[in-house]
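Chemist: Quick one: the structure is below, questions incoming.
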Amino acid sequence: MGKSRRRTPIVGITTARSEKFDKKIMHGRLRRKSKVLAPDPDAVFPIPDEAMNKWSMAKDGKQYIRKGSSYYTKALRK
């Protein structure tokens with residue numbers, strides 16, 4: 001597996017490696033809201049976008065790296 005490559009050159013925009021901490025907080029908020037709403041039979045459960053603003057997370061989105069770019073070979077490594 002040392003020579004495995006990414007199939008599509010799409011990477012995150014910022015330098016953050018992952019959003020693990022942000023996702024942990026978001027899912028905790030979702031679980032808390034769900035527990036509060038659970039006794040009510042007519043409750044509408046929250047969706048992830050309601051629990052946390054996705055623009056305040058570590059990565060802002062993804063970008064496509066073009067084949068002629070100097071960063072292309074680095075982006076294909078896993």
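Chemist: If a residue must be free of Cβ contacts under 8 Å to residues at least 60 places away in the same chain, assigned to a loop (DSSP other than H, G, I, E, B) and exposed (fewer than 14 other Cβ atoms within 10 Å of the Cβ), how many such residues does region 1-30 contain?
Modeler: Within region 1-30, residues that are free of Cβ contacts under 8 Å to residues at least 60 places away in the same chain, assigned to a loop (DSSP other than H, G, I, E, B) and exposed (fewer than 14 other Cβ atoms within 10 Å of the Cβ) number 10.
Chemist: Moving on. Taking the condition of being under 13 Å from the mean Cα position of the chain (by Cα) and not charged (D, E, K, R), how many residues in region 20-78 meet it?
Modeler: 12
Chemist: In a helix (DSSP H, G or I), over 30 Å from residue 65 (Cβ atoms) and of a type in the set (A, V, I, L, M): is that true of residue 36 in this structure? Even if it seems obvious, please write down each step before you answer.
Modeler: Numbers: in a helix (DSSP H, G or I): yes; over 30 Å from residue 65 (Cβ atoms): yes; of a type in the set (A, V, I, L, M): yes.
The answer is yes for residue 36.
Chemist: So, in region 67-76, how many residues would count as being without any contact (Cβ under 8 Å) to a residue 12 or more places away in the chain, assigned to a loop (DSSP other than H, G, I, E, B) and over 15 Å from residue 15 (Cα atoms)? Walk me through how you get there before you give the answer.
Modeler: Taking region 67-76 as the starting set, the residues that turn out to be without any contact (Cβ under 8 Å) to a residue 12 or more places away in the chain are 68-71, 73-74.
Still in the running and assigned to a loop (DSSP other than H, G, I, E, B): 68-71.
Now restrict to residues that are over 15 Å from residue 15 (Cα atoms): 68-70.
Counting residues in region 67-76 that are without any contact (Cβ under 8 Å) to a residue 12 or more places away in the chain, assigned to a loop (DSSP other than H, G, I, E, B) and over 15 Å from residue 15 (Cα atoms) gives 3.
Chemist: Moving to a separate point now. Is there a residue being part of a loop (DSSP other than H, G, I, E, B), surrounded by fewer than 11 Cβ atoms within 10 Å (Cβ to Cβ) and of a type in the set (Gly, Ala, Ser) anywhere in region 40-60?
Modeler: Looking through region 40-60, none of the residues is part of a loop (DSSP other than H, G, I, E, B), surrounded by fewer than 11 Cβ atoms within 10 Å (Cβ to Cβ) and of a type in the set (Gly, Ala, Ser).
Only the coordinates and a few stated rules stand behind these numbers; no lab work does. Computed from a predicted model, the values in this text were never measured in an experiment. Every residue, glycine among them, receives a Cβ derived from its backbone with ideal geometry; neighbour counts consider all protein chains shown.
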